[in-house]
Structures are given as C-alpha cells and as structure tokens.
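What follows is one structure encoded as structure tokens, with my remarks underneath.
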Amino acid sequence: MAQHQVNYLQEGGLPVALTTVDKLVQWGRSNSLWPLTYGLACCAIEMMAAGASRYDFDRFGTIFRASPRQADVMVVAGTLSKKHAQFIKRLYDQMAEPKWVISMGSCANTGGMFNTYATVQGVDRLIPVDIYLPGCAPRPETLQYALMMLQKKIRRQSAFSKAKPKRLV
Amino acid sequence: MRAYTDKQNAQAKAYHSDRFYKSPQLAKDKVSTDEIFSADLKSLEENFEISESYIQKGQMVLFIKPNDIKAVMKHLRDELEYDFLSEMSAIDFLAKSNQFEIFYQMLSIKKRKRLRVKFFIDNGEAVESICDIFNSANWAEREMFDMFGIVANNHPFMKRLLMPDDWEGYPLLKTYPLIGDESAQWYEIDLIFGKEHRAVVGPEIRDTKRVDQKDTTQFARVGSEVPYGTKASNEKTNFSEFQEDGGVPFITRFRKDLQKTLKKRK
C-alpha cells in the first residue's frame, strides 16, 4: 500500500468532515451506480464502448452487472419491441429500490424511426424514466454525461424520503 | 381560381399517390434464350403442367399448379440439381384478385443458376409444406404464416415465428396499417397492466415532429428542470454539485490555476 504522509495541521486541518446523512448516503449511491447490462440494439454497442477501457465507466464507480437484483440503474439501450415489452417490466420490478432508469437513444425515448406496429413508442409507457438521452446512437461520451446528470439528480434527492409513487403503477 | 389547400402541416402530407402510376416492370425474355434453363423447362414440362415461364434478370420464373409443389420441388432437387431453397414466402394480391402468390426461390450451386417457382392460391387456402424436402422451408413457412396467415399443411411446428403467439392480425397484409391496428397499439399495455390502464398511459404519440417545450410530462429541459407535470420555467435549477457550494462532500471544484502542467516527463 502507498504510504501517505498527511500533515493535519497544514493540509485542511483535522481529518474530520462535517456533513449531513443525506449528502453522505447519496454521495455513496451516486458514486456506485451499477447498471444492468441491458443492450437491445445498436445503442448497446455504444454502451459497451462506454463501459470498456477507452471511455472507462469504472472510474465513475459504474460497473455493469448481469443480474437485475444487483443493479441500481437500467440503461435501456436500444429499440424495445412489443414482444419484449413484458420482460423489461419484469426486469425493472426485480431491481431493488432505489432504482433509476436511463432511456438511451431515440428508439427507447419515443420509438424513434421505428414508427411501426412492432415497436414500443417510448419505454416511459412501461417504466418510469429518469434521464432521456437523445441520439441515434448516442456516443459513449453522451452516455457518460447522462450518467453524470443522473448522479447530480441523485445527489439532490433526500436519502430517506419514502419512495414516491412513480409515474406508472 | 385555385382551390384552397391547407398549408399547415405540409410535411405530413408530402406523400401522395399518383392514380396513373404504373410500377416499372423488368423485361421478360423467352426461356429459349438460355440453354440450361430451356433444358430444365423441358424436363419439367414432361412431368408437370407449367402455365407460364420466362426469364427475368437472368432468373427463370415458372408458374405451376398449387397441388404439384411437392413433386416439382423433389424433381428440381433430385433431377435438376437445384439443391438450395434460399427463400419462400407470399405476396399479397388480395385487392387485385383475392389471391396470394406463393414463390420459392431456388439456387443450383452446380449450374450457377437461380429459378423461381410460383403459383397462386385463393384467400383462405393452405399450401403444402415442403419441410421434408428442404429444411430451410421450416422457418420460412412459419414466417409466411406469421405475416400472411397462410397455413402450411403437414408442417411439423406451425406457430408464429416473429410476432408474439397472442398477436392479432397478420402484419404483412396490405390492409394492415403500418402503425398497427388497435390491438397492436395497445398490445404491451393490455398484456402488462390490463385494459383499464389504457386511460392512464394514453395513446401512442406517433407524430415524431411534435415538440412542445412547455410540456413537462414528456421531457425535462436540461438545466431548468421542474417536477413532472408542473409549469415549465426558464429559471436555472440550482445544482449544488461541489463541496464549496454546500454540495456533496469530497467532490471539489477543479481549479485550473492551482494545477501544474509538466513541461517535461519527470
């Protein structure tokens, strides 16, 4: 382990930081957002790129999990077909509170260019969405930005507020 | 004087249908212009009734009787070396003659030739499955059933291929609207939440041009967000991001003036 020499009298005084529980808890939550690997279409490629070493999601504490029970964020990356719609709801319900949703790309936001019979016209018809990320497909930087916006949103929330009834059911 | 036309929403009406439009047709050549094809056709005509035959774009097209399909396929595979069924499906001619055209696209790897076997069936009729001759027809026939509702008799597993099992309607019919009928538009809502939830969610927004900045139920404006459904405002949302601003502990503002840039690697 690295040896750090800290001069308490010079560098910021005593090693004590005063804060509120809200801020501390939400600081912890926002810096360990574990998204569910939920790639549905071409946006998934950008999501994978954002997770890989060049863009490196790990430095935000964001580690992709393959199970909804270990995940905090659902990044809906891609076109949601009507055949698959029931599974997104099931996976969302399996995620433990607190949970957030990033709707990534035009298809997940509004159905995008798939103005057809087989595509769900926006995932917010099925699950509540926190961040809508535009683009077709959004670049990895954009997904990083969306994640940082989500972190900001979480940091503003109260840690122990009762989970509000979300928009749908 | 010209009749008044509404110029509002002109983009949505950009698509027009020309009543006198005739779709371009490829030229049809005689089968006798190609040696291999004319030999194939001769062999087929000895055994089956061929109502029409021509060459289009270097591929022979044959029209046969619906009942002959299994025997024709067997003949093509075993005698004429057409050993690959690359695609089969149907074409909707219901508006024209209340019929479906069924086509089978064949490839002979040895002869380097492609031919297409076609026949018409009436609406509501079934075709005979050719799964036992060409395995690739298995999913193709299921897709044809999925998209057109045409059943293939004696198919081992006649079930929808692409759409969900409880889907209503056949999407590739020309009468089927692109955005789906009522059951299609509410499919996922009815399935997951139940029919009474339709009023909560509301109909699908199919107008992709529609942008309403004041609508806070759809999108929040970055930087000046307000709670769901409340009145939009131009005021900046107060993010207290940094510790110095009374925000999150341990996260401090990056100050460029305090940073040191190395001119040279240490």
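The values are calculated or read from the model by the stated rules, or taken from the named source; none is laboratory data. The structure presented is a predicted model; accordingly, all values stated were derived computationally and were not measured. No Cβ is skipped: glycine too gets one built from the backbone with ideal geometry, and neighbour counts run over all protein chains shown. Ligands, DNA and RNA are stripped out before the accessible areas are found, and what is left, the full protein with its side chains, is counted by its heavy atoms. Shrake-Rupley method; radii C 1.70, N 1.55, O 1.52, S 1.80 Å.
Using a cutoff of 8 angstrom between alpha carbon atoms and counting only pairs six or more residues apart, the relative contact order for region B:101-206 works out to 15 percent. Between B:ALA27 and B:SER51, the simple label model (points 7 Å from Cα in the Cβ direction) yields a spacing of 2.8 nm.
Hey, with R₀ at 41 Å, roughly what FRET efficiency would B:LEU161 and B:ALA95 work out to, going by the Cβ-Cβ distance, to 0.05? The value I calculate is 0.95.
How much net charge surrounds A:PRO140 when only the other residues with a Cβ under 9 Å from the Cβ of A:PRO140 are counted, with Lys and Arg +1 and Asp and Glu -1?
Values: positive: A:ARG54, A:ARG139; negative: A:GLU46, A:GLU141.
Local charge sum for A:PRO140: 0.
On the basis of the beta-carbon distance and an R0 of 60 Å, B:ILE121 and A:LEU18 show a calculated FRET efficiency of 0.15.
Taking Cα atoms, how many degrees apart are the long axis of helix A:140-156 and the longest axis of chain A, rounded to 10 and kept between 0 and 90? The two axes meet at around 60 degrees.
Put simply, chains B and A cover up around 3200 Å² of each other's accessible surface, both sides summed, when a 1.4 Å probe is used. The simple Förster model, with R0 at 25 Å and r as the Cβ-Cβ distance, assigns A:GLU97 and B:ASP190 a FRET efficiency of 0.40. Among B:GLN105, B:GLN243, B:GLN59, the largest mean-square fluctuation in a Gaussian network model of chain B (Cα springs under 10 Å) belongs to B:GLN243. Per residue, the accessible area of region A:103-151 comes to 31 Å², computed with a 1.4 Å probe over protein heavy atoms only.
By the helix-only formula, in which each DSSP H run with n ≥ 4 contributes -39500 (n - 2.57) and the sum is divided by residues, the protein assembly as shown has a 222 nm mean residue ellipticity of -6500 deg cm²/dmol.
Ligands, DNA and RNA left out, the 1.4 Å accessible surface of the protein assembly as shown is 53% carbon and sulfur atoms. Rounded to two decimals, the Cα-based Rg/Rh of chain A, with Kirkwood Rh, is 1.06. Taking the Cα atoms only, what angle lies between the long axis of helix A:21-30 and the longest principal axis of chain A, rounded to 10 degrees? Helix A:21-30 sits roughly 50 degrees off the main axis of chain A.
May I ask you to compute the full-extension gain from B:LYS42 to B:ASP215, defined as 0.36 nm times their residue separation minus their alpha-carbon distance, rounded to one decimal in nm?
That works out to 55.3 nm of additional length.
What is the local net charge at B:VAL248, summed over the other residues whose Cβ is closer than 13 Å to its Cβ (Lys, Arg +1; Asp, Glu -1)?
My count for the surroundings of B:VAL248 gives +3.
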